[in-house]
Amino acid sequence: MEHAAELTPKQCENVLAFADQMPITRQLVTLRRDVPLDFSLGNCRFTGVPVHAVRPIFKELRLHRLMDQLNDLAAGEEDIIPAAGTESATVVGFAYHLVDNQEKLHALAKALRGQPSFAFDTETTGLNPVGSDLVGLSFSWRAGEAWYVPVRAASGDTIPLARVMEALGPPLRNPAVRKCGQNMKYDLVVLRQAGIEVGGVDFDTMIASALLSPGRSSHGLDALALDLCGHRKIPTRELLGSGRNEITMDQVDTRRVCEYACEDADFTWRIKEILEPQIESGTVRSLFRDTEMPLVEVLTEMECNGIALDAAILADMSEMLAGRMTELARQIEDAAGHPFNIDSTKQLAEVLFDEQGLKPVRRTKTGRSTDAATLEALREQCDNPIPNLVLEYRELAKLKGTYVDPLPGMIVAKTGRLHASFHQTGAITGRLSSSDPNLQNIPVRTEIGRRIRGAFVAGRPDHVLLTADYSQIELRVLAHFCQDRALLEAFRTGQDIHTFVAAQIHGVTVDHVSREQRGAAKAVNFGIIYGQTPFGLSKALGISQAEAKAFIDMYFMRYPGIRLFIDGTIAEAQRQGYVQTLLGRRRPVPELGSRNLQQRALGERIAVNTVIQGSAADLIKRAMVDIHRELHAGGHPSRMLLQVHDELVFETPREAVQAEAEMIRTRMSGALPLDVPITVDLNWGANWLESK
DNA sequence: GTGAAGCACT
DNA sequence: CTCTGGGTGCTTCACC
């Protein structure tokens, strides 16, 4: 028997190398009969090789066509999977089962009901869980063994979805059966749309990894399987292709999806077995168990809820912006004397600096900067109209291209709403991030930008959007950490903190503080959080560096506790190599070990900022979990829609808004016990703009 | 496809 | 003398 295959010489080399180092303990499964094979790969010839020795070679090299041929060869030996409990200790292999009839389905469901815990994964038609359809589910509760249940396939019969849900729904819902998964929120959203609310959400490997190894570059399953298990997973690209030829999972041959999906569940289980003991014995146990894992379900619900958008408002804005941008473009090109692409920084730099003779302010890595700060400086230094026109053009282009035009197209047809993704491991500090679309950077600063917020509306009759903002949360966290008496006192007496600080620094009473004095105090207050330098402050306030330095010195003299906190935090980071937030979230700060002065300064800023920003993130996460529980306890009609770092947005019936606001205020201000009061500002209205 | 520049938010 | 605020995600251009 000879099976020729088109292999590159390099692949042949790999096969031979792999076959050579294939110890007998790497045999995947024990075949009932050995079928010696003679075959050739390219110009390499193999003779008398047992099937079971060649299978792992093909598998490791992802030679699916050859695997198919091999399976044909071994026809009649389908049942090569050792029955439970019979596998020998030397078998370290893969036993992946395709559940393609009712009997197998019921056997699986029965097995799942009997497990104290299992890993599961879903395959879908898309990357965004809302609006994607379920293609199949995979399960595993023992390393090396997994099951795949197709519910939607390109070819071949599948068991009707209703039957699958009937069988698998009970074990999935059962809170007594602990579930683990990789990025479980994704699967929870998918299954919720299929009518299943998964219970017993217990262990997310992605989140565990993020807490245990915050310095890792990736917490993806592929990376974890490689690093923790030494296993190179089938790349998704191999099933779906890439670019214009990309297909969806429901178009892939079910047997190949089975291999892929089972591998996901299998390795999720193996990784959970590795990480769980580390979580349970480590300092992050409570953070993981009491905050991050419960938050998975909160975010699942937020994503399913989505937020309504008034597309007509944005359509009007788009037209208005287009008109104004055309006008600006014409004026810019008139001034330049010829048409050019204003969006191109390279072309703009040529116009400004080569043709118009303006003096470059700052260099970028590749050329001369044309950013907003540069254009503002150019506007001041000459009467050329172009910088100012470009500034306005840029503002409008940003709003139109990033928000006004794309957002309406992202409304999910089935719900009529926007469903952003919130990423729990997105930010190294512990903050959430948002994407597809990012609803955490909707404009608010400029008048025209704010109008976009007006398009985010309460989507149900007689409802309002209710927003709850932590007031000065990072400064309160700072006050809590540094225990500076003056700062604590300011918050305890309910002062406007910037006015208060300005009054203390200038030695006047709060009612004698000028606008400028308050603005300067505010800039310094924020600067402390971000690790600002005299240079940065002087730029922010338009004062000299000497003045800025004097102001900062005065600040630290007035609040010596802050200086001690900053120095102590940096020293701790140097000693331990990492910093820690209120709830014990860690972040390594390797920059502090750098020989580069600039890098070390960055490390110092990172250390201080992470403690403050990360602790504020801990706080709002706790509040979200508490509020979610209260909402589910019953009697509360509000839905949580968005989180924007220090703000939560809810949709609430107008008649209940007062009571809901008070409940939310209580939960948010009581989320964690700080040594300063935590105040929450609540506002509501028909849209996000009115509720601010 | 990838990196850089620029900019929206907190 | 040089550098000079933490953390994200998205769009566009330019280049490979």
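The values are calculated or read from the model by the stated rules, or taken from the named source; none is laboratory data. Just so you know, these numbers come straight off a predicted model, no measurement behind them. Counting neighbours? That spans all protein chains shown, and the Cβs are built from the backbone with ideal geometry, glycine included.
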- Note on the structure: Given the conditions (1) more than 19 Å from A:Gly306 (Cα to Cα); (2) within 16 Å of DNA strand C (Cβ to nearest atom); (3) among the acidic types (Asp, Glu), every one holds for A:Glu489 apart from (2)
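Any idea which of A:Ala571, A:Ala607 is in a helix (DSSP H, G or I), among the small types (Gly, Ala, Ser) and either under 28 Å from A:Val680 (Cβ atoms) or away from DNA strand C (no atom under 16 Å from the Cβ) (or both)?
It is A:Ala571.
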- Query: Does A:Thr326 count as assigned to a helix (DSSP H, G or I), among the β-branched types (Val, Ile, Thr) and within 16 Å of DNA strand C (Cβ to nearest atom)?
  - Reply: yes
- Query: What pairs can you find where one residue is in region A:559-587 and closer than 22 Å to A:Asn525 by Cα, the other is hydroxyl-bearing (Ser, Thr, Tyr), and their Cβ atoms are less than 7 Å apart, with a gap of 6+ or different chains?
  - Reply: A:Val579/A:Thr569; A:Val579/A:Thr610; A:Thr581/A:Ser615; A:Leu582/A:Ser615
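Is region A:112-119 home to any residue that is outside any helix (DSSP H, G or I) and crowded, with 20+ Cβ neighbours inside 10 Å?
The answer is yes; a qualifying residue exists.
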- Query: Restricting attention to region A:329-357, and to residues there that are within 14 Å of DNA strand B (Cβ to nearest atom) and assigned to a loop (DSSP other than H, G, I, E, B), which single residue is nearest to A:Ile386 (Cα to Cα)?
  - Reply: A:Ile342
- Message: Just to be sure I understand, how many residues within region A:221-234 are within 17 Å of the chain's Cα centre (by Cα) and without any contact (Cβ under 8 Å) to a residue 24 or more places away in the chain?
- Response: 2
- Among the candidates A:Ala377, A:Ala420, A:Ala373, A:Ala397, single out the residue that is within 15 Å of DNA strand B (Cβ to nearest atom), of a type outside the set (Phe, Trp, Tyr) and surrounded by 18 or more Cβ atoms within 10 Å (Cβ to Cβ). A:Ala420
- Query: Which residues, taken from region A:358-370, are surrounded by 12 or more Cβ atoms within 10 Å (Cβ to Cβ) and either within 7 Å of DNA strand B (Cβ to nearest atom) or outside any loop (DSSP other than H, G, I, E, B) (or both)?
  - Reply: A:Thr364, A:Gly367, A:Arg368, A:Ser369, A:Thr370
- Task: Identify the residue in region A:544-574 that is under 21 Å from A:Ile497 (Cβ atoms) and of a type in the set (Val, Ile, Thr) and, among all such residues, is modelled with the lowest pLDDT.
- Result: A:Ile552
- Message: If a residue must be buried (at least 16 other Cβ atoms within 10 Å of the Cβ), in contact (Cβ under 8 Å) with a residue 24 or more places away in the chain and of a type outside the set (A, V, I, L, M, F, W, C), how many such residues does region A:400-417 contain?
- Response: 6
- Filter region A:467-515 down to residues that are within 16 Å of DNA strand B (Cβ to nearest atom) and among the hydrophobic types (A, V, I, L, M, F, W, C) and give me whichever is farthest from A:His645 (Cα to Cα). A:Ile497
- Query: When both residues are 6+ apart or on different chains and their Cβ atoms are under 6 Å apart, which pairs have a first residue that lies in region A:604-618 and is near DNA strand B (Cβ under 10 Å from one of its atoms), and a second that is basic (Lys, Arg)?
  - Reply: A:Ala617/A:Arg431
- Task: Sort out which residues of region A:642-672 are within 22 Å of A:Leu309 (Cβ to Cβ), away from DNA strand B (no atom under 16 Å from the Cβ) and out of contact with any Pro (no Cβ under 8 Å at 6 or more places or on another chain), and write them in order of number.
- Result: A:Phe650, A:Glu651, A:Arg654, A:Val657
- region A:233-256, residues that are out of contact with any Lys or Arg (no Cβ under 9 Å at 6 or more places or on another chain) and either within 18 Å of A:Ser132 (Cα to Cα) or more than 15 Å from DNA strand B (Cβ to nearest atom) (or both): A:Lys233, A:Thr236, A:Leu240, A:Ile247, A:Thr248, A:Gln251, A:Val252, A:Asp253, A:Thr254, A:Arg255, A:Arg256
